[in-house]
Amino acid sequence: MVLIADGTPINVTCREENGFRLDAGDLEAAITPRTRWLLLNSPSNPTGAAYSEIQLRPILEVLKRHPHVWLISDDIYEHLIYDGLPFVTPAQLEPSLRSRTLTVNGVSKAYAMTGWRLGYGGGPKELIAAMAVVQSQSTTNPSSISQAAAIAALSGPQDFLIERRIAFQRRRDIVVDGLNAINGISCRRPEGAFYVFANCAGLIGRHTADGSVIDSDAALCRYLLERHNVAVVPGSCFGLAPYIRLSYAASEANLIEAIGRISAAAMELS
Ligand SMILES: Cc1ncc(COP(=O)(O)O)c(C=O)c1O
């Protein structure tokens, strides 16, 4: 999307040692006079990392020092955050950045309405007006049916979100504990979203039964898919290797089955 807009995307690595969170120093080092936007996503796809207020503050301080940089905060996983960690968003924490912050959200995750294609944003008037021009001359508008459904989702009873959050936290724990019990895989317990980003360095270099080498996370994903019928995504697709991203937006029974298959697949490697 950045390339389509004639921009140059710069990935700032969010290292595992830092809980897959963006380090304020790394951010500051990456900012140049040509930097236009920071795209921040918490809780995150693909790592599930989320920021507490204390962790977010230093990043906002960096942005305060660079007034030419605008901020997109992608809050789509707002309601999928665990262990009692309160969700925080930059526009709420730092009113002085509001005039250059675009907060985006949608009904795809919390309300399981991916197919309705409905997202929304809040930000400075001039920016929203410009977005409306692009939208009205490209897709005209989101379908009126989706708009009505989204209003029902957002203004209806919200109590089920608590149950969903508890169910997702339980699934997260099943997956994290299951993966950590596999020799060659280690996995931090993410704060939110519905992904785990597991380190598979211990499996790289091992051989499959037919003698081929697992030489990358992509090779591991192919092996899991083709030989063991489990679909996971290589971390390298997201710019960090060797990791696998597993989505736990699935039933507990399917997740237990998947962990069993990954475990058997790892044991088959020599
Ligand atoms: C970080 C992030 N933002 C936004 C979305 C929502 O996408 P959409 O509203 O197009 O379903 C997703 C879904 O995968 C996501 O992971």
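Read-outs: derived from the displayed coordinates by stated rules, not from any lab. Since we're looking at a predicted model, the values are computed, not measured. Cβ sites come from the backbone with ideal geometry, for glycine too, and all protein chains shown count toward neighbours.
Comparing VAL232, VAL12, VAL134 in a Gaussian network model of the chain where C-alpha atoms under 10 Å apart are linked, the largest mean-square fluctuation is found at VAL134. Directionally averaged projected area (segment 210-264, Cα convex hull): 4.0 nm².
Of interest is the spacing of the C-alpha centroids, which for segment 92-109 and segment 196-268 amounts to 35 Å.
Among rounded, prolate and oblate, which fits segment 160-268 when a ≥ b ≥ c are the square roots of the eigenvalues of its C-alpha gyration tensor, a/c under 1.5 means rounded, and a/b larger than b/c means prolate? Cα axes put segment 160-268 in the prolate bin. Relative to one another, the C-alpha centroids of segment 31-77 and segment 143-178 are positioned 24 Å apart.
For the chain, set up a Gaussian network in which alpha carbons nearer than 10 Å are linked by springs, and say which option among THR35, THR208, THR140 fluctuates the most. Of THR35, THR208, THR140, the most mobile in the Gaussian network model is THR140. For segment 1-65, the normalised intensity computed at q = 0.27 Å⁻¹ comes to -1.34 (log10 of I(q)/I(0), Debye sum over alpha carbons, equal scatterers, no solvent). Put in line by how crowded their Cβ is, counting other Cβ atoms within 10 Å and starting with the fewest, ILE204, ILE262 read ILE204, ILE262. When Rg and Dmax are taken over the Cα atoms of the chain, they come to 20.2, 60 Å. Placing one equal scatterer on every Cα of segment 16-155 and applying the Debye formula, the log10 ratio I(q)/I(0) at q = 0.09, 0.11, 0.13, 0.19 Å⁻¹ is -0.31, -0.46, -0.64, -1.23. Size check on segment 194-234: the Cα extents along the three principal axes, sorted descending, read 34, 21, 11 Å. Who wins for biggest fluctuation among ALA153, ALA24, ALA218 in a Gaussian network model of the chain, springs between alpha carbons below 10 Å? Per the Cα network of the chain with a 10 Å cutoff, ALA153 tops the list. Neighbour counts of C-beta atoms inside 10 Å place TYR111, TYR195, TYR120 in the sequence TYR120, TYR111, TYR195, starting with the fewest.
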